[in-house]
1. Say we look at the stretch 137-149 and pick out the residues that are in contact with a Gly (Cβ under 8 Å, 6 or more places away or on another chain) and surrounded by 17 or more Cβ atoms within 10 Å (Cβ to Cβ); which of these is farthest from A79 (Cα to Cα)?
2. From G704, G745, which residue is farther than 13 Å from F657 by Cα and free of Cβ contacts under 8 Å to residues at least 24 places away in the same chain?
3. Tell me which residues, restricted to the stretch 470-493, are assigned to a helix (DSSP H, G or I), more than 11 Å from I610 (Cα to Cα) and under 37 Å from the mean Cα position of the chain (by Cα).
4. Considering D689, D733, which residue is crowded, with 17+ Cβ neighbours inside 10 Å and of a type in the set (D, E, K, R)?
5. Please work out which residue is nearest to the chain's Cα centre (by Cα), limiting yourself to the stretch 560-616 and to residues that are free of Cβ contacts under 8 Å to residues at least 60 places away in the same chain and closer than 22 Å to A245 by Cα.
6. Please state which one of R351, R386, R406 is modelled with pLDDT of 95 or more and of a type in the set (D, E, K, R).
7. Taking T709 as the residue in question, decide whether it is in contact (Cβ under 8 Å) with a residue 24 or more places away in the chain, in contact with a strand residue (DSSP E or B) (Cβ under 6 Å, 6 or more places away or on another chain), assigned to a strand (DSSP E or B) and outside the structural domain of V187 (by TED's automatic domain parsing).
8. If you take the residues of the stretch 750-772 that are charged (D, E, K, R) and within 30 Å of the chain's Cα centre (by Cα), which of them is nearest to W636 (Cα to Cα)?
Amino acid sequence: MSIRHLDRLFEPRSVAVIGASRRPGRIGTTVLDNMAASGFAGALWPVNPKYDTLLGIPCHARVAALPAAPDLAVICTPADTVAALVAELGALGTRAVIVLVALSPAQRAAMLKAARPHLLRILGPGGIGLIGPAAGINASVAHTGARPGRTAFVSQSGMLMTAVLDWARQHQIGFSRVVSVGEGGDVDVADLLDWLAGDADTQAIVLHIESVTDARKFMSAARIAARGKPVVVLKSGRGAGSDGAEDRVVDAAIRRAGMLRVYSSADLFDAVQTVARARPLPGERLAVVSNAASLGLLATDALAWTGGTLAPLSPATLRALKPAMADGVAPANPLDIGTRADAARHLAAVRALLDEPQADALLLVHVPTPAAGSSDVARALVPLVRAARQTVLSCWLGGDEATEARSVFADAGLATYDTPEKAVRAFRQIVQYRRNQALLIEVPAGVPAAGEPERAAARAIVAAARHAGRSSLDDGECTTVLAAYGVQCETNGGANGGAAQEWEAGTAPQLRIAVHMDPVFGPALEFGLGGAAGQVARDRAAGLPPLNMVLARDIVARTRAGAALTAPDAVCRALVQVADLVTDLGEVMALELDPVRVGEGGAVALRARIVLGPPRPESAMAIRPYPQALAETVDWQGGPLVLRPIRPEDAPAHVRFFAALDPDDVRLRFFSALRELPPAQLARLTQIDYDRAMAFIATRPGPGGQPETLGVVRAVADPDNRRADFAIVVRSDLKGKGLGVILFGKLVDYFRARGTGSLTGDALAENVGVQKLVHRFGGTVQPGSEPGIVLLTIPLHGKTS
């Protein structure tokens, strides 16, 4: 299950409230009141045999008496009635239900069993329901509604949802959707992320989670959502264990998906307006302006504490600021325009700083003075700030004056905070989000190595140890297995005498690389300070395999030990190689290299430990690794041709491939006259989620030994695996030689084996080549939704809708 029928949940045309009531304190009373007051334009049907009408609305005695199957039913009746009601609603044709009562495990299992034959989707059980202001839906027991907005809020805690609704109402923050997940028996967080990723009414997502049950499903949905819109996450519960390992893994998963993590409910509340009102951040340099020097210093102290950067001011900006300065005060960042600054001087200073090309964002800190009341300054600044290209954060200190100023900015859709520290923290949240997003589009370099890992030799050693009943490898076996993946190891057998002396002399940093099994996300890597100091300092960062050099550098840079390395690439290569090892060898339950030294010859482990266990399934990894088994070599045009899934390291070859396409072929493939691939699009084409998508390339060594891409075919499956949208392009000088047929056949075979219902695609009507290809594989070509477009469909398995 995924997003099937969630449209009935969020945008129903009719809603039945089963167990509707007028008795105070009843769930059915609150839900009916909320729905009646929400402005719902569809049919509202109370269901309760005790009433003829409720709130002037005809009340139906039972589900069977309803005039039609409701799109959405809200069940407010006792727990022991839920399973039977779900079965009855499913048979009637309802496809979405909210269950607001808590159920026992047995009742929950019966409910899900009743829903399964009808593909009926259930939000809950438990929780407080959902609110969709734009659709006029308040199918909840929340004590207040929500203003319309463009931010979705999803919470696994009903009480936190009510707190956010209260806070948002006070701060004039609106929402597109507000959802309480409850137990997530059917519709879970991943399903909601998938649906919200494609929701045109939602521009940003704020997420509260307590637990993740299906890590791979969560990661796939999160990565798709975060590529399209900001996603902010508060994870409550830092995990078991005193060393915080589980929490580091959660943090790694959130970063890997391109989301932003906040660490407190206060930060989450601020993050709601940060994501709702902030503009894209081009860099990380902040300009600060205040009408009191001490306030500017508070902001810059907070910025320095969080590792932030003040923007340098250019000579042109310094000249432009002089008229706004008090006598005898030189302009600088932070900028103090003085307590005598009136609204005009504030306006001049802000305008000059917004013109500074080196300032990526601006923070205004203001306290009311006789020269300038806060609300007057706010009203004067609103037109300028709304038109600014940069994010402008504001902090208004004081009582009623400050409250009014914050309301002026909030009503204008501008971010405002009540302390300088909160404003700076919001800025740093935007910076971290920018960094996480950058990881999604940075092209990784390949890992320099003598060759492919010696997988067969490593597997043989592990298999022999397991067959002998051993749960770990000895020193010699550890060294051999690690060497098979390019990791140097000098074990305690005496080969490391010189290295040990170097440790004693203190000339090399002591580092640690480790792998452990997280109960939710599977194998996780850790890097940080090693040796005895590492046990005390806990200077560690985590990552999820598989890794590339970009991801490895991010892990290393998040530690103090890594930041101190002058040449971190040797350690990064070792991290990538260890990630490959644990990906390939499913029997490895734990691995520790401690200490690791870095010298001229690279990274060397002085001690190694590898713990074995039963083979874990590939599905235990939160991110599906590169599917090596799908690579094959075929004969084409009298020579070998490799067909394999694309990988991030193919980006340079992909750029050369795109440059070799005729402009007309580019137009037919991309529906526009692209001259080059933007970095974000290149990343999307080469860094794919193998659990949801597949792209096969045809490749061979080109001139000078560089790999060259000759053609690519790709498809992305919907979350329900009913359809996969495909595209194909072959290098222009190789068209008509059968390469497209070879590539497309591989794609068809893959998605047929995956169980996908059909391959679909849109093409320009003049693209005769792809239409012939579709016909060759048993597909159809039909007029599309727009003139000049055709719809291509290739059935793979029976029914496709």
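The values are calculated or read from the model by the stated rules, or taken from the named source; none is laboratory data. As the structure is a prediction and not an experimental result, all values here were calculated from the model. Positions of Cβ are backbone-derived with ideal geometry, glycine not excepted, and every protein chain shown enters the neighbour counts.
1. G149
2. Of G704, G745, the one residue that is farther than 13 Å from F657 by Cα and free of Cβ contacts under 8 Å to residues at least 24 places away in the same chain is G704.
3. Across the stretch 470-493, the qualifying residues are A483, A484.
4. None of the other options fit; the residue is D689.
5. Looking at residues that are free of Cβ contacts under 8 Å to residues at least 60 places away in the same chain and closer than 22 Å to A245 by Cα, I get A579.
6. Details: R386 fails: modelled with pLDDT of 95 or more; R406 fails: modelled with pLDDT of 95 or more.
After applying the criteria, what remains is R351.
7. Criteria met by T709.
8. Applying the filter and picking the extreme gives R752.
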